[in-house]
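Accompanying notes for the structure given below.
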Amino acid sequence: MRILLLESDLILAQALSEALREAGYDPIGPVTEVNDAITLAEQFRPDLALINIDLPAGPGLGIVVARTIANSWNIKSLFTAGDKEIARRNRDVAFGYLASPATVSELVECIEAVKLIRKGEFPTKIPKRLSPFL
């Protein structure tokens, strides 16, 4: 499963990228900029994007990315940080919201739940930090 990483904290994003690789996923990025995320989404067409809603260039810009990649290439996101209410208002372009801070194992649990949701199945267990948009 290809996963695009858009995160405001590059050190955290690099650690997440390595952890996802070790868990058997194919991370794309990480990137911290809107245009870089959109370019990578167009180039690699990931199955999922992990998006921090608030980026260094401005709060809420992660939503711009989520909307662009959903509308252009039907790539849905999992919001990983930022205002939960803003995330909810943009549920049409995302699978859910992962509350911070989350451990790597919690992130992997959430991705596994999203994999089921992508297939139209309902996970038997919802990870405690995940607020799915069903």
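Values in this text are rule-based calculations from the coordinates and carry no lab data. Keep in mind that what you see is a predicted model, and the values were worked out from it rather than measured. Cβ: placed from backbone, ideal geometry, glycine included. Neighbour counts: every protein chain shown.
Summary of computed values
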quantity: Globularity index of the stretch 1-75, i.e. its alpha-carbon radius of gyration over 2.2 N^0.38 Å; calculated: 0.99
quantity: Inter-label distance, nm, simple model (7 Å from Cα along the C-beta direction), residue 92/residue 18; calculated: 4.0 nm
quantity: Taking 54, 92 and counting other C-beta atoms within 10 Å, the order from fewest to most; calculated: 92, 54
quantity: Most fluctuating residue given options 55, 107, 116, as computed from a GNM of the chain linking Cα atoms under 10 Å; calculated: 116
quantity: Which of 95, 44, 79 has the fewest Cβ neighbours within 10 Å, and the rest in rising order; calculated: 44, 95, 79
quantity: Hull volume in cubic angstrom per residue (convex hull over the Cα atoms of the stretch 6-127); calculated: 98 Å³
quantity: Residue order, fewest to most surrounding Cβ atoms within 10 angstrom, among 122, 133; calculated: 122, 133
